[in-house]
1. Pulled fully out, how much extra length does the chain show between ALA115 and GLN176, if you take 0.36 nm times their separation in residues and subtract their Cα-Cα distance?
2. How large is the dipole of the range 89-138 about the Cα centre if only Lys and Arg carry +1 and Asp and Glu carry -1, each at its Cβ, rounded to the nearest 20 debye?
3. Find out how many positive minus negative residues lie around ASN175, taking Lys and Arg as positive, Asp and Glu as negative, among other residues whose Cβ is under 15 Å from that of ASN175.
4. If you roll a 1.4 Å probe over the range 93-154 with all protein chains in place, what percent of the accessible area is carbon or sulfur?
5. Quick one: putting +1 on the C-beta of Lys and Arg, -1 on the C-beta of Asp and Glu, what dipole do you get for the range 45-117 around its Cα centre, in Debye to the nearest 20?
6. Restrict the search to the range 45-104; then list the chymotrypsin sites (Phe, Trp or Tyr not before Pro) that DSSP places in a loop and that have at most 10 other Cβ atoms within 10 Å of their Cβ.
7. Assuming 0.36 nm per residue, please report the length gained on full extension of the stretch PHE76 to ALA49 beyond their Cα-Cα distance.
8. Between SER132 and LYS204, how many nm apart are label points set 7 Å from Cα along the C-beta direction?
Amino acid sequence: MTAWRNRNITDDIVDNFTGDCVMPSPEDLARSIAKQAPSSAQIADWIRAQIRGSRLVPGQRLVEVDIIRQTGGSRFKVREAFQRLAAEGLVEIEEFRGASVRSATSDEVRQLYQARALLEGLCARDFCRRASANDRARLAQLASEMEACVDSNAPEKFSGLNAEWHTLLMRGAGNQVIEDLVKRLNTPVHHLLFGTFYRGDRLKEAVEDHRIIMQAIEANDADAAELAMRRHVENGHRFLSELDRAMHID
């Protein structure tokens, strides 16, 4: 069976050649196969992106066949991806039922925001010390564009600019590890944000928080920048908690 499969893979690759028919080297064949078969990490990234984009929602079953079809991954790699995401707390795997997107409890959300406040606060501090003039200018520009979104009532645009603003601040701080961690911390609660989180009163509060952070950065006051960023993230959690209580999400 293995020989038959290898023969067909090779034949398919040879058929794609033009001109002289040259048998591909084992290295070329391996690279070609690798391009067609994503790793478990790549599949996990894809699933994580679907969760962030609310295309996969809490409680939804992750059907292996569907993910294999959409990603081109093997069953083994898809199951490996499920295990990776389960270790992150994004996926729940149950015997006889398979994998599903895991819901975050109120207590878990609180802990996630606490971690974010500390990590992003540290990045705000380091941004003051390390960011280039271009990064500072772009950060100020994004903050200005977000203020305009409040006036024009454009929450979807605000959401994208806000993500870019936070990402730029972390990258300008020069800490890739924190950036990766914060992205993972954001994913379990992302489905709660858009449509409820980004509304008029929250946008105004967020813009005011950004203004205070920018003032500290412009003054090169690392202590003030860190404190302001922590308060900004904590304000986000407070607002989300109030929405949870009002909407009985739990």
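The values are calculated or read from the model by the stated rules, or taken from the named source; none is laboratory data. Note that the structure is predicted; figures quoted are calculated from it, not measured. In this analysis, Cβ positions are derived from the backbone assuming ideal geometry, glycine residues included, and neighbour counts consider all displayed protein chains. The area values use the complete protein model at the heavy-atom level, side chains included, leaving out ligands, DNA and RNA. Shrake-Rupley method; radii C 1.70, N 1.55, O 1.52, S 1.80 Å.
1. 20.4 nm
2. 500 debye
3. Around ASN175, the surrounding residues sum to +1.
4. Summing carbon and sulfur atoms, their accessible area is 47 percent of the total for the range 93-154.
5. 260 debye
6. Loop-located and lightly packed - PHE96.
7. Gain on extension, PHE76 to ALA49, equals 7.7 nm.
8. 3.8 nm
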